[in-house]
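Peer 1: Mind looking over this structure? Questions follow.
Quick note: the coordinates plus some simple rules give every number you see, no bench work behind them. Computed from a predicted structure; not experimentally measured. Neighbour counts are summed over all protein chains in view; Cβ atoms, including those assigned to glycine, are modelled from backbone coordinates with ideal geometry.
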């Protein structure tokens, strides 16, 4: 590698940059990961400059070949990054000039680092969305597969962590499906707003050269053009929106993990997590800790913090570009990296966890889960719901006093609470009867869950 040149903007300055300032202001330690997108954008820009006659065909070819050579050097780990050159853009440009000479100095014509970095970040974020939605689709498939095997597996449904009503495990997994499906839809919608080209906006006002923005946008796969140069270089809405959707997604994953941690505990004992996604204790040899779900739960707060950072970063900036925006990248990068890791982990857990069917059913038998079904039975016999509610409350109190489940109370005793109760009441008090009765759209009945799975597969 050749000697590093002086600052590309140094002509106006009479003294060198303070060494602290060089370190403090450099971003190359983290924005170097944008190199692939920076090179793609530069090649498209060079081809456009050639189309409008600013570059000759030979100069354009030299620039393209030089940039491809730089990509090879970076991929091969031999490229020397320098904080003196501040960022990924200047490092690549300096190396380009070193490789091909004068043509490399022409590449920046009609362009600024302001629209260059905005372009790089949008390309990078677009790719992240594509990778994330692929992972989400895989998880959604795992949920449907697991639900399909447990359409009739009875478990307790909870409110306030109190046994409320019996549901099926398949129905519960479909609730997770709906949460993640909405997250995927949000990312796909966000992609359209991300996929807008700011290239050609230059520093803030556009450029006096007769550039062809449509050419570069098409070359880079953008769906449209940013329509205002001031907004194009200063907008970070796309990063904030990405972080907001990532935060919502991780909020959902955290809720899942809260349930997985509880279900894995001896108090519930509903599932067996795979050994490969758990860890042990350094002192207690019997322990199998659900560390990965706990870490996902913890990393959610980290991503929430990144969203807050981006919001605060942008809230007081005047138009157009300000150096504050350099601080957007680490928050954005960390958000994407964290979400990708969490999606991979939760997908593997869902695919390999083993429900303990008997334990789920046994737990559902506790807590008078079919009390609502008794109330519904009375209503169908003509009792007003509020009266039915009160009657069942007295039945539960009686059951508590005698240490019985509702279905264990003898018919004669039940009839003391209401004379409309007949022997057919026990059909409504079984767990199977309870779930089977809820066969409307969105209900927990096995036949409804089976149909919902079929519909969900078509939605994917």
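Peer 1: Can you give me the Cα centroid spacing of region 327-344 and region 146-213 in angstrom?
Peer 2: 16 Å
Peer 1: Quick one: work out the % antiparallel among DSSP beta bridges in the chain, nearest 5.
Peer 2: On the way: 9 of 11 bridges.
DSSP beta bridges in the chain are roughly 80 percent antiparallel.
Peer 1: With a 10 Å Cβ neighbour count serving as the proxy for reagent exposure, in which order, fewest first, do 58, 229 appear?
Peer 2: On the way: 58 10, 229 21.
In increasing order of surrounding Cβ atoms, one gets 58, 229.
Peer 1: Let me ask something else. Would any residue of region 108-144 have its amide N under 14 Å from a label point 7 Å out along Cα→Cβ of residue 237? List them or say none.
Peer 2: The answer is none, because no backbone nitrogen lies closer than 14 Å to the label point.
Peer 1: Would you calculate, for the chain, the mean residue ellipticity at 222 nm contributed by helices, counting each DSSP H stretch of 4 or more residues as -39,500 (n - 2.57) and dividing by all residues, to the nearest 500? Walk me through the intermediate numbers first.
Peer 2: Numbers: 20 runs with 281 residues, N = 460.
Taken over the chain, the calculation gives -19500 deg cm²/dmol.
Peer 1: I've got another one for you. Cut-off is 10 Å between beta-carbons; in what order do 373, 427 appear when sorted fewest neighbours first?
Peer 2: Details: 373 25, 427 13.
In increasing order of surrounding Cβ atoms, one gets 427, 373.
Peer 1: Another one. Which of the three applies to region 376-428, rounded, prolate or oblate, going by the alpha-carbon gyration tensor with a ≥ b ≥ c and a/c under 1.5 meaning rounded? Kindly include the intermediate steps, with their values, before the conclusion.
Peer 2: On the way: a/c = 1.96, a/b = 1.35, b/c = 1.46.
It is oblate, given that a/c is not under 1.5 and a/b is not larger than b/c.
Peer 1: Relative contact order of region 17-109: what whole-number percent is it, with Cα pairs under 8 angstrom and at least 6 residues apart?
Peer 2: On the way: 81 pairs, mean separation 38.0, N = 93.
Rounded, it is 41 percent for region 17-109.
Peer 1: With the radius of gyration and the Kirkwood radius both derived from the Cα set of region 368-459, what is their ratio Rg to Rh?
Peer 2: Numbers: Rg = 15.5 Å, Rh = 14.3 Å.
Rg divided by Rh gives 1.09.
Peer 1: Just to verify a number: FRET efficiency for residue 385 and residue 80, C-beta to C-beta distance, R0 = 60 Å, to 0.05? Let's see the in-between values first.
Peer 2: Values: r = 77 Å, r/R0 = 1.28.
Efficiency at R0 = 60 Å is approximately 0.20.
Peer 1: At residue 441 and residue 312, where each label point lies 7 Å from the Cα along Cα→Cβ, what is the point-to-point distance in nanometres?
Peer 2: 4.6 nm
Peer 1: Can you tell me, using C-alpha contacts under 8 Å and at least 6 residues apart, the relative contact order of region 257-343 as a whole percent? Show your work: numbers first, answer last.
Peer 2: Details: 61 pairs, mean separation 19.0, N = 87.
So the answer I get is 22 percent.
Peer 1: Next question, about the same structure. Once both labels are modelled 7 Å past Cα along the beta-carbon direction, what's the residue 13-residue 214 spacing in nm?
Peer 2: Going by the 7 Å Cα→Cβ label model, 4.1 nm.
Peer 1: With label points built 7 Å along Cα→Cβ from the Cα atoms of residue 394 and residue 365, find their separation and express it in nm.
Peer 2: Result for the modelled spin labels: 2.9 nm.
Peer 1: Grab the beta carbon distance between residue 65 and residue 458, set R0 = 41 Å, and tell me the FRET efficiency rounded to 0.05. Before the final figure, lay out the partial values.
Peer 2: Working: r = 48 Å, r/R0 = 1.18.
Calculated transfer efficiency: 0.25.
Peer 1: On to the next question. With everything on Cα atoms, drop me the angle between helix 169-194 and the longest principal axis of the chain, reported from 0 to 90° to the nearest 10.
Peer 2: With both axes taken from Cα atoms, the answer is about 20 degrees.
Peer 1: Then there's this: Multiply the residue separation of residue 354 and residue 341 by 0.36 nm, subtract the distance between their alpha-carbon atoms, and state the gained length in nm to one decimal. Walk me through the numbers before you get to the answer.
Peer 2: Values: separation 13, 0.36 × 13 = 4.68 nm, distance 2.20 nm.
Working it through step by step, the gained length comes to 2.5 nm.
Peer 1: Moving to a separate point now. Evaluate the relative contact order of the chain (contact order divided by residue number), counting alpha-carbon pairs under 8 angstrom at least 6 apart; express in whole percent. Walk me through the numbers before you get to the answer.
Peer 2: Working: 612 pairs, mean separation 75.7, N = 460.
Result for the chain is 16 percent.
Peer 1: Now for a separate question. Would you compute the Debye intensity of region 114-202 from its alpha-carbon atoms alone, equal scatterers and no solvent, and pass along log10 I(q)/I(0) at q = 0.10, 0.15, 0.20, 0.26 Å⁻¹ to two decimals?
Peer 2: Debye curve over Cα of region 114-202, log10 I(q)/I(0) at q = 0.10, 0.15, 0.20, 0.26 Å⁻¹: -0.44, -0.68, -0.91, -1.15.
Peer 1: Next question. Note the angle between two axes, namely the Cα long axis of helix 57-75 and the longest principal axis of the Cα atoms of the chain, as a number of degrees from 0 to 90, rounded to the nearest 10.
Peer 2: Roughly 50 degrees, rounded to the nearest 10.
Peer 1: Principal axis extents for the chain, Cα atoms only, whole Å, descending order, please.
Peer 2: 100, 52, 38
Peer 1: Same structure again: Can you tell me what percent of all Cα-Cα pairs in region 141-252 are more than 18 Å apart? Provide the component values of the computation, followed by the final result.
Peer 2: On the way: 4103 of 6216 pairs.
The share of Cα pairs beyond 18 Å in region 141-252 comes to 66 percent.
Peer 1: Sort 436-448, 403-415, 12-24 by packing, meaning the average of other beta carbons within 10 Å per residue, with the highest value first.
Peer 2: Values: 436-448: 16.7, 403-415: 14.1, 12-24: 9.6.
So the order, starting with the most tightly packed, is 436-448, 403-415, 12-24.
Peer 1: A further question on this structure: What do you get for the angle between helix 35-51 and the principal long axis of the chain? Use alpha-carbon atoms, 0 to 90 degrees, nearest ten.
Peer 2: 50 degrees
Peer 1: What Rg and what Dmax come out for region 17-109 when only alpha-carbon atoms are used, in angstroms?
Peer 2: Expressed in Å, the Cα Rg and Dmax of region 17-109 come to 13.7, 42.
Peer 1: Provide 299, 366, 381 in ascending order of the number of other Cβ atoms located within 10 Å of each residue's Cβ, fewest first. Don't skip to the answer; put the middle values down first.
Peer 2: Details: 299 20, 366 10, 381 15.
Ordered from fewest to most neighbouring Cβ atoms within 10 Å, 299, 366, 381 come out as 366, 381, 299.
Peer 1: Based on the Cβ-Cβ distance of residue 295 and residue 319, what FRET efficiency does E = 1/(1 + (r/R0)^6) give at R0 = 51 Å, to the nearest 0.05? Numbers along the way, then the final one.
Peer 2: Working: r = 40 Å, r/R0 = 0.79.
So the FRET efficiency works out to roughly 0.80.
Peer 1: Report the gain in length on full extension from residue 283 to residue 192: 0.36 nm times residue separation, minus Cα-Cα distance, nm rounded to one decimal. Walk me through the numbers on the way to the answer.
Peer 2: Details: separation 91, 0.36 × 91 = 32.76 nm, distance 5.15 nm.
That pair, residue 283 and residue 192, stretches by 27.6 nm at full extension.
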